[in-house]
1. Highest GNM mean-square fluctuation, chain B, Cα pairs closer than 10 Å: which of B:83, B:49, B:107?
2. For the stretch B:11-28, which residues drop by 10 square angstrom or more in accessible area between the chain on its own and all protein chains together (1.4 Å probe)?
3. How large is the dipole of the stretch A:180-229 about the Cα centre if only Lys and Arg carry +1 and Asp and Glu carry -1, each at its Cβ, rounded to the nearest 20 debye?
4. Which Cα, out of A:200, A:256, A:150, lies furthest along the positive dipole direction of the stretch A:124-279 (beta carbon charges, K/R +1, D/E -1)?
5. Taking Cα centroids, how far is the stretch A:200-260 from the stretch B:59-91 in Å?
6. List the lysines whose Cα sits under 21 Å from the Cα of residue A:155, skipping any in the same chain fewer than 8 residues away.
7. About the Cα centre of the stretch A:92-158, how large is the charge dipole given +1 on each Lys and Arg Cβ and -1 on each Asp and Glu Cβ? Please answer in debye to the nearest 20.
8. Hey, what did the stretch B:3-132 get for relative contact order, percent, Cα under 8 Å, at least 6 apart?
Amino acid sequence: MRYFIVIFLSTFTFTTAQTEFSLEDFEMPESPAFVLLDEAPSIITRPNSSQALALHILQNFEGSLFNDIAVSFTPYWFIKDKDKNPLRYYGITAEGEQNPFSKLNKATISAAYNKTEDSITNVALGARVTLFELKRQSDVLDLQNAHNEAVAYTKIVSNLRIAFQQESGMIPGEDGFDEAFAAYKTEKLQNFERDSITILDVLHRKPMLAVDAAVGYNHRFSGDTFNNGETARFGAWTTAVFSSYLNPSASKNYLNIYAFARYLHDETLTSPLLNNSEEIESFDLGIKAEFEFERLTFGYEYISRSGDGDTYRSAGNIGYRLSDALYLSGTFGNNFGETDDLITLFGIRWGFTTDGQQLPLADTLQN
Amino acid sequence: MAIQTYEVGTNSNPIKVQVEVGIDAIAHTTIYNIKGSDWNHVVDSLDDANGDVPLTPISTAVDLVGKTLYVQITLNFENIDPANREAALENMVLYYTLTGGPNGAKAFSKVDNTSVEDDFEMVYLDKRIKLI
């Protein structure tokens, strides 16, 4: 039996600019590197959002600190592109037509470090991309409306700032300008009401259908010796998910049905059909059903493994968001293999907010 | 940072401005030419929310000489997850281009001022170019 505490330290941006982070719309750590190492709470999963840079730490109660660490980043957020614009980012046109392939350029790359109790050090690299995503037409319509409303609001604020400069004679950048304009804006907009559905509300809704692909490679070292390094695992897998609202009026409640297929080349396992030192080629096929409510998520996954050794994984997952900064999860079931195959994972995820208003990017843009 | 300049000359050639913005945030650009307390609106970006201003005549060189061109870009980040806003801003593409002067086109990419609201939802980029 293994107990894990999962610390999810998110949003480690390169600077300390003010970044409010909420776990409300983010899922458990699911980096391909962790999935390949079988360290993720659930094998069959797909995130609905990607972060520019994130750090995941899993901590075994019985081991020392920082035995399991993964970092992931999404290069898209660090690429300059003159053609970036909001509609292209959403994957829709002004007329409401969808581009189901709009997330192909938002691949996430991850790397993981894991040290086992028997002094095996694993290093894994992984990548994941959404190949296809189809939104509901009602969500596209909501997205258009929320976007148009935000565009109109932006123009209002822009005009207010011009008016403030004309009335006050102050120039942006001079001492007190930002504070004075903030007060001016608050006064002018005190009776201005925005629509209740925001763009992020709609973007965080699960698409009706999505297909992800991922790949991972794991190299392991025994006895803390570099020369003992050897290939451990290579895997490539795809995950398809169909999401249906449980209640159309509560868009954060879903029934998610997953299908999963994975090819795995594994040099760490032994097959009853082969000598212990043989490499194992296996093919996994899995399904998962998951109920997702605003705070509570529970589901069941079953994965059948064929190839050089038939086995299966059968596990139930449950997650509960205690607050915007604290998330609990648990997994119980049978893992692949014949022995030591009981999964009992307990996870806690923390998120936190950083403060500080000095934005180094001002230097980036101004120098 | 000292205010940058663009030589427009003193003839009747049309001086034009173009702004190119590449970012996933909602962007609105507005341009004025200013002399003292006299503000003259030149052009706004189109309503497609990308902040781009196509090459647009401002006025003639002789009319503009001595004035300041002011470009205000308002970025609304409410469509981007808070965790990704800073990276999006750091990696935005921004070019201001002026044409029509005796030395031809000149592109500017640095802003004079960046103001970030407390919640990082609104960011303002200010650029002034002295027309000489």
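The values are calculated or read from the model by the stated rules, or taken from the named source; none is laboratory data. The structure presented is a predicted model; accordingly, all values stated were derived computationally and were not measured. Positions of Cβ are backbone-derived with ideal geometry, glycine not excepted, and every protein chain shown enters the neighbour counts. Protein only, heavy atoms only, side chains kept; ligands, DNA and RNA dropped before computing areas. Shrake-Rupley method; radii C 1.70, N 1.55, O 1.52, S 1.80 Å.
1. Among B:83, B:49, B:107, the largest GNM mean-square fluctuation belongs to B:83.
2. Buried by the other chains: B:20, B:21, B:22, B:23, B:24, B:26, B:28.
3. Once rounded to the nearest 20, the dipole reads 40 debye.
4. A:256
5. With the stretch A:200-260 and the stretch B:59-91 each reduced to a Cα centre, they are spaced 38 Å.
6. List returned: A:84, A:185, A:188, B:127.
7. Magnitude of the dipole: close to 160 debye.
8. Reported as a whole number, the value is 36 percent.
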